Amino acid sequence: MSVAPGLQAESWHLLTLIERAPGFHILADTLADLVDEGHPIVAGTADLKYSNGLVAFQERHPDRYVQFGISEQHMVSTAAGLATTGLQPYVATFASFMAYLACEQIRTDIAYTKQPVRLIGHHAGITLGFYGTSHHATEDLAITRSIPGLTVIAPADTAQLGAALRAAVDHPAPIYFRIGRGQDPDVYADGTHPFTIGTAIEHGTGTDLTIIATGSMVHPALEAAQALNSGGISTGVVDMHTVKPLDAEAVARAAQRSRIVLTVEEHNVIGGLGGAVAEVVAEYGYGTRVVRHGVKDEYALIGPPTHLYRHYKLDAAGIEEVARTAVGS
Amino acid sequence: MDIASDSWYFSSMLTPTPPVTDHDDELVDLISERALFARLETVRLISIAKTGHYASGFSCAEILATLYYGVMRLRKGEPDWPDRDRFLFGKGHAAATLYPLLADWGFFDPAELDEYTRLGNAFGDHPDMTRIPGIDFSSGSLGHALSTGTGIALGTRLQGRPSNVFVLLGDGELHEGQIWEAALGAAHHDVANLIAIVDRNDHSLDGRIDTVTNIEPLGDKWRAFGWDAHEVDGHDVRALLATFRAIVEDPERTRPAVIIANTVKGKGISYMESEFGWHLGWLAEQDEINAIEELRNNR
């Protein structure tokens, strides 16, 4: 793609961002396909159609697209109203603005009233790196998980996002989709793992350790597990793509099978996946040690995302190191 | 004292629809009578709860009665009719004044109101769409309803339905930033089937609006946001009817409209009209009897 005559080949502008984010192609394409298939879908965003790729949805179905402008609270409440007329609204913005700025609208207008709205919180976690704390979302799982009636899904990669969007079509409850920057490495590109809301995907079993990960952390967790298994530490991985309702049975199996359960999330260790898993293990009384790994109740530094993952030990090597410490090897 | 009786409710009179008439004088009389009915029922319901928003309901009684008996497309006993007009109560704390009108339309049994605010009852200080037939959207947190109303108006328009969406806002509610997000958004998308009404009773909880946070010049603000703005005496039923009709019967309308209804908070009870502290309150037995008498005499 040429940016402008006379510029270097490496130069790029806003629109080329989408080319580099397959996760956002799948978002727009899946929703547009669902419209083609007859689903009463309306999609909109708050001045971020180039960041989340919904511009491609707009091109295919301009009559089903709503531009809300930089009015996130208005967008979420409007989606609630749209849903009462029989439409199925999908609204998208950065996860930080969705979960924090529009929290009350999500809770009172959508979840309490049981409107089947799909909230897309993209660029979640620390994917916005050097954009800073205002754009980091490391408490959104804790917030959304505590709202009654709201389903919370964090897909691991592009393929799983597409599958989750399709699985959600007839889901009777509102959903918060927590997605990254559309550039997650492939986990499920081969299509061999069917997606069911509320049913975790178990990758192998480990007598020493089960890593329970969600969203962007599934891929590095699988890499870490491979290294751990090679090194003689029996490790399984659970992809907990649905954070609520949590697959408590998968957690129970992990807690019964393994000496240690390690949760990994691109999120504060308080209230998110780690909190949810710890609640289940404690209430069942298994006595299994749960180690929560993530952002340790702090505001993340700024920096390029890959550097931040390394710094917070949220890459494969970091997760492996945390796991080795946890199992005492 | 028996301040209410089922015979107040048209829905108990086996009429096929509320007796809306095309004859304006009769219609104005009917609406005025229903506004009194709404006020008297508000007094009765608050006497059950022993606390409530008398004054906020009294300021919009004529607005509600005009909408429900002279303006809105509704079908008796069919609160979910897809082609109906919608009503959203931004200032949801005055819901006790709306509930009797919904019962009157046969959306639920008026007897259900006898347990108003009791443990587990559907009818509370704020309206709940999940439990009350005829409530088109829940409210309570100020500032949301113009957005939810925009969504309903967009959704019905997209599906080719003829519905108008009426959103009654408090003037204090206009302090909420989301109102102005919605004002921008509805104008941008030419949501012409959205009609807001501002119950300008000049008061919020802490006193006069102009001392709390000034919102004037109000008509100019809405016009600057791209809305058609009208101003009317919110207790003058004939003027309200004419204003609503001018909007909904205009085939050329392309923009959302707002009616700024100048009202008196506590309208109908002399001491409530002059004391903002009656935003929330309760009347002991003899005071309640006197209030009912004054309401009847002021009709």
Task: Flag for A:Gln226 being surrounded by fewer than 24 Cβ atoms within 10 Å (Cβ to Cβ) and farther than 27 Å from A:His122 by Cα - done: yes
Open item on the list: Being surrounded by 24 or more Cβ atoms within 10 Å (Cβ to Cβ) and small (Gly, Ala, Ser) is the requirement here; does A:Gly162 meet it?
Closed with: no
TODO: Specify which of the listed residues (B:Pro127, B:Pro162) is surrounded by fewer than 18 Cβ atoms within 10 Å (Cβ to Cβ) and outside any helix (DSSP H, G or I).
DONE: B:Pro162
- [ ] Scan the range A:58-74 for residues that are assigned to a helix (DSSP H, G or I) and either more than 8 Å from chain B (Cβ to nearest Cβ) or surrounded by fewer than 24 Cβ atoms within 10 Å (Cβ to Cβ) (or both) and jot them down.
- [x] A:Gln58, A:Glu59, A:Arg60, A:Pro62, A:Asp63, A:Arg64, A:Glu72
Open item on the list: List the residue pairs whose Cβ atoms are under 8 Å apart, where the first residue sits in the range B:253-267 and is more than 16 Å from B:Val165 (Cα to Cα), the second is in a loop (DSSP other than H, G, I, E, B) and hydrophobic (A, V, I, L, M, F, W, C), and the two are 6 or more positions apart or on different chains.
Closed with: B:Ala261/B:Cys60; B:Thr263/B:Cys60
TODO: From B:Gly226, B:Gly219, grab the single residue that is outside any strand (DSSP E or B), at pLDDT 95 or above, at positive phi and surrounded by 14 or more Cβ atoms within 10 Å (Cβ to Cβ).
DONE: B:Gly226
TODO: Identify the single condition in (1) at pLDDT 95 or above; (2) not assigned by TED's automatic domain parsing to the domain that holds A:Ile319 that A:Met217 does not satisfy, given that it satisfies every other one.
DONE: (2)
Task: Residue count for the range A:261-290, restricted to those that are without any contact (Cβ under 8 Å) to a residue 60 or more places away in the chain and either surrounded by 24 or more Cβ atoms within 10 Å (Cβ to Cβ) or closer than 28 Å to A:Ser134 by Cα (or both) - done: 5
Task: First in the range B:131-144 and facing another protein chain (nearest Cβ under 10 Å), second anywhere and assigned to a loop (DSSP other than H, G, I, E, B) and of a type in the set (Ser, Thr, Tyr), Cβ under 6 Å, 6 or more apart - done: B:Ser138/A:Thr113
Task: Filtered residue count, the range A:98-114, keeping only those that are more than 8 Å from chain B (Cβ to nearest Cβ) and surrounded by 23 or more Cβ atoms within 10 Å (Cβ to Cβ) - done: 5
Open item on the list: Condition (residue is of a type in the set (Val, Ile, Thr) and assigned to a loop (DSSP other than H, G, I, E, B)) applied to the range B:40-49: is it met by at least one residue?
Closed with: no
- [ ] Test B:Ile195 against the criterion of being at pLDDT 95 or above, crowded, with 24+ Cβ neighbours inside 10 Å and within 30 Å of A:Gln67 (Cβ to Cβ), and give yes or no.
- [x] yes
Open item on the list: Looking for something among the acidic types (Asp, Glu) and within 15 Å of the chain's Cα centre (by Cα) - is there at least one such residue anywhere in the range A:171-184?
Closed with: yes
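The values are calculated or read from the model by the stated rules, or taken from the named source; none is laboratory data. All of these numbers come straight from a predicted model, not from anything done at the bench. Don't worry about glycine lacking a Cβ; one is built from the backbone with ideal geometry, like all the others, and counts go over all protein chains shown.
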